[in-house]
Structures are given as structure tokens and as C-alpha cells.
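These notes are about the structure you will find just below.
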Amino acid sequence: MAIKITDDCINCGACEPECPNSAIYEGAIDWRWQDKTKLSGKVIFPDGTEKDTSAFNEAVSDDVYYIFAGKCTECKGFHEEPQCKAVCPVDCCVDDPDHRETEEVLLSRQRFLHT
């Protein structure tokens, strides 16, 4: 499953630089697929859709840091545990029950984003 950041976030920013996929953004900051990945230009995604990876997408949260679940791999393929959870001083990086995914799916996403 992906990780989410709860409203308990104190906006310290410790998690953002730790994410190998740049799936974490400051509140109200729009996100892009190409940020900190190998994706560039127009790309066909595994679901068959074509996306411009340089295009900005609307922020998921306006108030606190957020994780875009579509880029989160729980650090699979990089680290043994999610780094956002490891560095968060208030334990607000938690499992997201709305985005439950197998290790195989997370590793497949990691390969897609970085190969």
C-alpha cells in the first residue's frame, strides 16, 4: 500500500528529500511525473494512457505535505523501509488503506519510474 501524510503533519519537510520517487510535495505545490524519475516527455503508462510527464498536476493537499500515491513505491527497490516514515518526527506518514498494493506492484512501479 502507499503511504499518506495525515493532518498531524507539522510541515517540517524532513520527508520530502528522502523520497526516491519525488512522490512527496509541499502543500499547495503541484506535482509532475518527471520529478526525480527517468520519465520525460510523452510516455505511455502501464494502463495504456499517454501522459506528458513534464505537465504539472494539481496538488493533493493545500495545507500540509502530501504523497501522490501513483508515484509512491514505499521505497521498494531502494530501501528496506519507507524513508518518510523513518524520518518523520511526529509519525504522520502512515499506511494508506485506500491504496493497498502488493510488493510486486510496488516494484513494477519502481522499475517503470526509473528504467
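When the charge dipole of segment 62-115 is built from unit charges on Cβ atoms (+1 for Lys and Arg, -1 for Asp and Glu) and taken about the Cα centre, the candidate among F112, H79, P97 whose Cα reaches farthest toward its positive end is F112. Multiplying the residue separation of V105 and V90 by 0.36 nm and subtracting their alpha-carbon distance yields 2.6 nm. For segment 102-110, 3J(HN,Hα) computed residue by residue from phi via the Karplus equation (6.51, -1.76, 1.60; θ = phi - 60°) reads 6, 4, 4, 5, 5, 5, 5, 5, 4 Hz, glycine and proline entered as x. Counting only Cβ charges, +1 for Lys and Arg and -1 for Asp and Glu, the dipole size of the chain around its Cα centre is about 620 debye.
Based on alpha-carbon centroids, what's the gap between segment 20-34 and segment 73-103 in Å, whole number please? Taking the Cα centre of segment 73-103 as reference, the centre of segment 20-34 is 15 Å away. Distances between placed amide hydrogens fall under 5 Å for Y65 paired with N11, G27, all partners being 5 or more residues away or on another chain.
Between D47 and H114, what is the label-to-label distance in nm when each label sits 7 Å out along the Cα-to-Cβ direction? My value for the distance between the label points is 2.3 nm. The stretch between D98 and E26 holds 23.8 nm of extra length on full extension. This uses 0.36 nm per residue minus the Cα-Cα distance. What's the extension gain from D63 to K36 if we count 0.36 nm per residue and subtract their Cα-Cα distance? Difference between extended and current length: 7.4 nm. Largest mean-square fluctuation among P82, P20, P97, in a Gaussian network model of the chain whose springs join Cα atoms under 10 Å apart, belongs to P97. Across segment 25-115, the mean sequence separation of Cα contacts (distance under 8 Å, 6 or more residues apart), normalised by length, yields a relative contact order of 29 percent.
Taken together, the values in this text are just the output of simple stated rules run on the coordinates, not laboratory data. A quick note: this is a predicted structure, and the numbers were derived from the prediction, not measured. Glycine gets a Cβ as well: all are built from the backbone with ideal geometry, and neighbour counts include every protein chain shown.
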